[in-house]
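The values are calculated or read from the model by the stated rules, or taken from the named source; none is laboratory data. Nothing here was measured: the structure is a model prediction, and the numbers come from that model. Cβ: placed from backbone, ideal geometry, glycine included. Neighbour counts: every protein chain shown. Ligands, DNA and RNA are excluded from the accessible area calculation, which covers all protein heavy atoms including side chains. Shrake-Rupley method; radii C 1.70, N 1.55, O 1.52, S 1.80 Å.
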Amino acid sequence: MNIVPSLRTRRARALTASAAVLALTLTACGGGSGSSSGSEDKAKAAGITLVKPGKLTICTHLPYKPFQYKDGTKVVGFDVDLLDLVAKDLGVEQDVVNIEWSQVTSGAAFQAKKCDMGMGAMTITPERQAAISITDPYMDATQVLMTKKDSGIKSLADLKGKKLGAQADTTGKKYADANAAANGYTVIPFNDLALQENNVKSGRVDAAINDNGVLYDFVKANDDMAVVAEFHTGEQYGFGALKDGSGPKLVAKFNELLTKARSDGKYNEIYKKWFGVEPKK
């Protein structure tokens, strides 16, 4: 018996081994149904081109608890869970980018291809609708006044000669500015929600005005603070996207999934998870 393999046999074995390695490599890169190629096919079928293949890239300005904030290294929140409906439908992962809020509301972030959609409990306004595509409303909101429990402040009129903190580039800041002259307070702008809240707690400003969802959430965790007034501004939140191209298609996709989530109970489930109660009928 010839125990020395022939040249032809050695070549055949080498080809077989190479094929096996190649097959293993392709299997490792494939990623199953959640692979970038599969998700690209789903997005393409919907007429959507994503900024990053295999990801739904979302721009926001952190933190804005409980809508979006960091829990360890992960960004979580009500808005995150709602936009996950879109990500899962397209078979992709959600990737959150922290950015200046004005870049989202002006549309600059979408035009620069930094993200596909924007989240941040964004009030729908005519100015924003002119600059970006915006989804159907997914939540009603209003502005509230927060201060220390023992401050004696109950209204904007009680802030005469005092400092009112407001978050830059928000409808709360706009409301604070519009009522400053009549009530005699000074508006102090802050770049983010956490700074605004903590400056009231530390006494550097006398009160804060912002969306009801975020300030009630802060009060819940800080028993020395209180929401003392509500201003019924009739606001509604929406998610933003590019004005043209894939933007309107992503908006339409979310609107479709929101309608479904409202009818099958998924929306109520997400709402209760973050606010502790089901939404008002």
Qualifying positions in the range 65-87 - under 28 Å from residue 196 (Cα atoms), within 13 Å of the chain's Cα centre (by Cα) and either among the small types (Gly, Ala, Ser) or assigned to a helix (DSSP H, G or I) (or both):
77, 78, 79, 80, 81, 82, 83
So residue 114 fits all but one of (1) part of a loop (DSSP other than H, G, I, E, B); (2) within 22 Å of residue 214 (Cβ to Cβ); what number is the exception?
(2)
Of the conditions (1) in contact with an Asp or Glu (Cβ under 9 Å, 6 or more places away or on another chain); (2) in a helix (DSSP H, G or I); (3) more than 20 Å from residue 122 (Cβ to Cβ), residue 172 clears all except one; give me its number.
(3)
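State whether one or more residues within the range 138-156 are in contact with a His (Cβ under 9 Å, 6 or more places away or on another chain) and either surrounded by fewer than 21 Cβ atoms within 10 Å (Cβ to Cβ) or without any contact (Cβ under 8 Å) to a residue 60 or more places away in the chain (or both). Reasoning before the result, please.
Kept after step one, since they are in contact with a His (Cβ under 9 Å, 6 or more places away or on another chain), are these residues of the range 138-156: 142-143.
The next check asks that each one be either surrounded by fewer than 21 Cβ atoms within 10 Å (Cβ to Cβ) or without any contact (Cβ under 8 Å) to a residue 60 or more places away in the chain (or both); those that pass are 142.
Yes, that holds for at least one residue.
Return the only residue of 169, 224 being touching a residue at least 24 places away in the same chain (Cβ under 8 Å) and farther than 21 Å from residue 142 by Cβ. Working first, answer last.
Working: 169 fails: farther than 21 Å from residue 142 by Cβ.
Answer to the selection: 224.
Being hydrophobic (A, V, I, L, M, F, W, C) and open to solvent by 30 Å² or more (accessible area, probe 1.4 Å) narrows it down to one of 130, 180, 226, so name that one.
Details: 180 fails: open to solvent by 30 Å² or more (accessible area, probe 1.4 Å); 226 fails: open to solvent by 30 Å² or more (accessible area, probe 1.4 Å).
After applying the criteria, what remains is 130.
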In the range 192-208, residue most open to solvent (accessible area, probe 1.4 Å) [restricted to those that are within 15 Å of residue 64 (Cβ to Cβ) and in contact with a strand residue (DSSP E or B) (Cβ under 8 Å, 6 or more places away or on another chain)]
192
Counted residues in the range 63-90 being under 17 Å from residue 256 (Cα atoms) and open to solvent by 20 Å² or more (accessible area, probe 1.4 Å) come to 5
If residue 240 satisfies every condition in (1) touching a Gly at 6+ places or on another chain (Cβ under 6 Å); (2) within 30 Å of residue 155 (Cβ to Cβ); (3) small (Gly, Ala, Ser) but one, which is the exception?
(2)
Options 56, 90, 62: the member that is at pLDDT 95 or above and more than 17 Å from the chain's Cα centre (by Cα):
90
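Any residue that is open to solvent by 80 Å² or more (accessible area, probe 1.4 Å), within 18 Å of the chain's Cα centre (by Cα) and closer than 24 Å to residue 76 by Cβ - is there at least one of those in the range 270-281?
Step one: filter the range 270-281 for residues open to solvent by 80 Å² or more (accessible area, probe 1.4 Å), giving 272-273, 277-278, 280-281.
Subsequent filtering for residues that are within 18 Å of the chain's Cα centre (by Cα) retains 272-273.
Then drop every residue that is not closer than 24 Å to residue 76 by Cβ, which leaves 272-273.
The answer is yes; a qualifying residue exists.
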Of the listed residues (187, 96), the one being of a type in the set (Val, Ile, Thr), in contact with a helix residue (DSSP H, G or I) (Cβ under 6 Å, 6 or more places away or on another chain) and either more than 30 Å from residue 43 (Cα to Cα) or open to solvent by 30 Å² or more (accessible area, probe 1.4 Å) (or both) is 187
Search result, residues across the range 246-281 that are out of contact with any helix residue (DSSP H, G or I) (no Cβ under 9 Å at 6 or more places or on another chain), in a loop (DSSP other than H, G, I, E, B) and either under 27 Å from residue 110 (Cβ atoms) or modelled with pLDDT of 95 or more (or both):
265
Considering the range 230-269, residues that are more than 18 Å from the chain's Cα centre (by Cα) and of a type in the set (Val, Ile, Thr), and then whichever is surrounded by the fewest Cβ atoms within 10 Å (Cβ to Cβ), we arrive at 259
